[in-house]
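What follows draws every value from the coordinates through simple rules; no lab data is involved. This structure is a prediction, so every number in the text was calculated from the model and none was measured. In this analysis, Cβ positions are derived from the backbone assuming ideal geometry, glycine residues included, and neighbour counts consider all displayed protein chains.
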Amino acid sequence: MVCEMETDHQTEEMDVEVLSSMWPEDVGGTEPDNQFNVEKPAGDSDTLKEVDIAEKRTMADLKRLPDLLDTTDQGSSQLTNLVKQWEYMQDHAVRLLREELKILTKQREEAEAKELKIIEEHNFESEEPENVPVLDESSDLFRRFKEKKRDKLVGRKRIEIDEEFDTVAYWKQKALSLEKMLEASTERERRLIKKLNESLKTMESHSAPVEELTQNLKRAEGFLHFILQNAPIVMGHQDKDLRYLFIYNKFPTLREHDILGKTDVEIFHGGGVKESEDFKREVLEKGKASKREITFETDLFGSKTFLIYVEPVYNKAREKIGINYMGMEVTDQVRKREKMAKLREDNAVRKAMESELTKTIHITEETMRAKQMLATMSHEIRSPLSGVVGMAEILSTTKLDKEQRQLLNVMISSGDLVLQLINDILDLSKVESGVMKLEATKFRPREVVKHVLQTAAASLKKELTLEGNIADEVPILVVGDVLRIRQILTNLISNAIKFTHQGKVGIKLKVIPEPSFANGLELNADAEEQNGLTETETSVWIRCDVYDTGIGIPENALPCLFKKYMQASADHARKYGGTGLGLAICKQLVELMGGQLTVTSQVDLGSTFTFILPYKVATSNDHSDDQDEFSDMVDHQPEPDDSTEGYFQFKPLLGSIYSNGGPVIGNNFLPHKVMLPSPVKLINGQSEAVQVENGGCMDGPRHETRSGHCPESAHQYENGNGPCHSKESESCSSSQASSEMESEFTVSSPREEEKAETVVKETSKQPKILLVEDNKINIMVAKSMMKQLGYTFDIANNGVEAVTAINGSSYDLVLMDVCMPVLDGLKATRLIRSYEQSGNWDAAVEAGVDIKTLEDKQLCVRSTNRLPIIAMTANTLSESSEECYANGMDSFISKPVTLQKLKECLKQYLH
Amino acid sequence: MDAHVAQLQMQYRNYILSLYQQGFLDDQFTELKSLQDDGSPDFVAEVLSLFFDDCVKLVGNMARALDQIGTVDFCQVGANVHQLKGSSSSVGAKRVKGLCINFKELCEAKNYEGCVRCLQQVDIEYKTLKAKLQDMFNLEKQIVQAGGIVPQVDIN
């Protein structure tokens, strides 16, 4: 029975294990650093942390947790579960026990049957059948005895009887031994009963639920430890006032007593604490579990993000008694997520930017292409046109009758205007980008107005009266950018003519007080400055009205009138053509000059464009030498001086200046055949022009003229070796020069005008120029430029060579590099000046320059004139203009030298 | 054929514009181009080849001078830089010129490391420019071979 009981017990245990398999049995026990191990004494722990935890656990578990479990729903339900589980287990055990009992009973019955059989056999064998009836009466006892005998089957002994069978002694002996056996049997029975009682007792104690539960709880604990021991998790329970009653934290920074009984706000400070507190309260109020991510920024553990789960806790009466709270640190994840989001965002932004950029690039490319086209186009127009104008100018120097001269003058000014307009259209982009510079030149407003009208009248195809009206108080001579002003006027006038079919178109000028928009505006100051005006000089504001009696402009079209490429309506664009650029240019130009352009209009009655501009008043006493290009041309005309005239009128046909009734209308008076002759003819024309300037014979044979008039000094000093030159080289260079000219005129080039000027200059004696420069490349470039300008020069590679060259030959101009090896430009200049003053080269000799011979006669001549020396500086600190002047230089050209700079400089010093 | 020429011309224009926009060249190069005419059809190429020869020579001089560690003759380097500055300024090699200006200052300050660095930059820069201009000339050649005329490029 003992053996059976033990088996039973084991079965039971096994059953328990199966049922509670969710709690691995021995996990907790095998872990040496089991945090929850209650039995482990706190003092044993190696680290303070563990001590802490152990304490915590102890406190929480033994004092708080049972309370909690008793009072809360969860607690009671858990207990219920455990009880149920235990009951089930017990039921199961009872069932098993019963089954076992049944088996045992059955076994016993079998055993009894067997016993009987054995006894019968024994009786048969031992031949003692008479014994049976005796024992039959007490069969129960006998059975029991037999049973006991069977029980002791293992230790069964045969009773050895020495006596002879069926004797008295035999029976006596048998009775004795049987008595002994009975005694032993009784004794065993007693012991077994005792054992049974004991077994029953242990069974009772064993089946008590507390032990089971405790065991289960231990397993649960163990499992929790196993799972949670490294998890970055904080768990806690807080009461209604959000005071911690229990907390589990793997990495605590605070001790138990710092936390328990306190609220978050009392424990921590910093960002996120309030939020979490509020969140917990919210959950408590709503009674609904919820999750939230909260970033804490506390002194205690820095910046960390927690994913917090909070659920309300109810007691059995369904009253809220607090919250359970679980937090997991997700800082890294959040950071990663944010990083990802940021990356994604950046990516999107970058993509957007990229597409934007592509768009911009596309637009820029388009714009560039358009600009390029415009540039090319205007270049294509400009080149032949400059030929036309140039030839016309040359033609105007020939002997013409009055009528021819008038025609030619209009031709020139029109052509000139077209050229200017083309340039100005190109300039529009410059105005927009703010790089356009205004020039300040003196001009006569009356002449400008007259000329604009005259030009307009020349191409007039309608019966319109053009009139100009200039108030008396408008100064004779003012300073401003005449080209731009003329461009504006021409534009407005041609616009007016275009949209006027009958009546008149006119220009009215009058002086007005300074307009309000200009008061104290910095913009205006800038503009004045650009216009060459300074405050000390008298300035005057002139209002200019360009009026017509045309179709007028509807009011709604006025706002977009000054916009680029916009016309009042598509209808007009079709009917009247035009680019829609004119007014935009006008407006920008006027504003650039510090003025204002406005318009008033009435449909069918006409429009008036008004622009107000500031000008500086120029004194008229120096007006003989101040002519700008434009008035220059005007003054060439042998017409009555009209500089003070205040009113002009050009009437259709009969009122036009071409009163002879000639081919006035349209382009007929600009015969193209004449304007585009063959290159050879052009050259000849050029030569003729040269002759005229020189007062030479116009009718001389052309070839003779060319060679005869080719300037003697041209290309003479290429080698810088003084005045000796051969006939051969002369003719060679002159033919070269002419071929140059030819090519100039056949190749479309914007330099044609310059060339024309150059040709005129060549009529005077070719000046002698010395270039002092050490850089080969600079020399090469300068040489090419000089060639373009029609000059030749000698070259010196340093100051010493320069001094030597000047000693040996007479020059009209020296271009001197400042920074050179051996002897720099400044020193060389000082030596030259010293020579000019003293008439000897002593200073130079002192300075170590080896002057071989001093030619006295040249010396005398040279010493009377001051040789113009122009410095070429790189505009650095060491080559300041002040220093150049201080060392006796006359002027300076900043490097890199450009054709324009060189031209201006030569123009200034070679006359 | 015409389309081909037009395309080449467009390509040429864009290329020139890019050279200006990227700061390889400045207005002085335009000036140089305008000096070229039928009388001297290879003027630009001649000047440039002279310039690049000069570059090779001057950079070589400077490299040798800067190689004398401890006894670097900054005056000599300065003179070479000045030459190069003048030349690059004359041909409109904007970047080289800009580098030379820096270089000169470094030279005056006797800043050895700066000089060496600058020299390397100059070396790279002029070679880059040379390659770019070579491309330009090739394009010009192609245009001429295709029967077109090399367009004038208005950089404004």
(request) Compute from the Cα atoms of chain B the Rg and the Dmax, the latter being the longest Cα-Cα distance, and quote both in angstrom. (result) 17.8, 62
(request) Please determine, in degrees from 0 to 90 and to the nearest 10, the orientation of helix B:112-145 with respect to the longest principal axis defined by the Cα atoms of chain B, where the helix direction is its Cα long axis. (result) 10 degrees
(message) Report D for the range A:224-336 in µm² per second (integer): Stokes-Einstein, Kirkwood Rh on Cα pairs, 20 °C, 1.002 mPa s.
(response) 149 µm²/s
(request) Would you calculate, for chain B, the mean residue ellipticity at 222 nm contributed by helices, counting each DSSP H stretch of 4 or more residues as -39,500 (n - 2.57) and dividing by all residues, to the nearest 500? (result) -26500 deg cm²/dmol
(message) Show me the GluC sites (Glu not before Pro) within the range A:281-372 that DSSP assigns to loop and that have at most 11 other Cβ atoms within 10 Å of their Cβ.
(response) A:Glu319
(request) Just need the relative contact order of the range A:769-909 here, percent rounded to a whole number, with Cα pairs under 8 Å and 6+ apart. (result) 23 percent
(message) For a 20 Å ceiling on Cα separation, which of these pairs sit above it: A:Lys461/A:Lys498; A:Lys768/B:Lys85; A:Lys262/A:Lys288?
(response) A:Lys768/B:Lys85; A:Lys262/A:Lys288
(request) Work out the length of the dipole vector of the range A:769-909 about its Cα centre, built from +1 on the beta-carbon of each Lys and Arg and -1 on the beta-carbon of each Asp and Glu, and round it to the nearest 20 debye. (result) 500 debye
(request) In Å and from the alpha-carbon atoms only, list the Rg and Dmax of the range A:769-909. (result) 14.2, 40
(message) Using a Förster radius of 25 Å, what is the FRET efficiency between B:Ile69 and B:Glu105 based on their Cβ-Cβ separation? Nearest 0.05, please.
(response) 0.75
(request) State the answer as a single residue: which of A:Gln173, A:Met203, A:Gly222 lies farthest towards the positive end of the charge dipole of the range A:170-223, with beta carbon charges of +1 for Lys and Arg and -1 for Asp and Glu, about the Cα centre. (result) A:Gln173
(message) Placing unit charges on C-beta atoms (Lys and Arg positive, Asp and Glu negative, everything else neutral), compute the dipole magnitude of the range A:224-336 about its Cα centre in debye, rounded to 20.
(response) 400 debye
(request) Starting from the amide H of B:Val153, placed 1.01 Å from N in the peptide plane, find each other amide H under 5 Å away whose residue is 5 or more places distant or on another chain. (result) none
(request) For the range A:170-223, compute Rh as the Kirkwood radius over C-alpha pairs and then the Stokes-Einstein diffusion coefficient at 37 °C and 0.692 mPa s; write the answer in µm²/s, rounded to an integer. (result) 222 µm²/s
(request) Quick one: of A:Lys399/A:Lys462; A:Lys783/B:Lys33; A:Lys901/B:Lys94; A:Lys402/A:Lys903, which pairs are farther than 25 Å apart, Cα to Cα? (result) A:Lys399/A:Lys462; A:Lys402/A:Lys903
(request) Note the full-extension length gain between A:Leu196 and A:Leu116 as 0.36 nm times their separation in residues minus their Cα-Cα distance, in nm to one decimal. (result) 26.1 nm
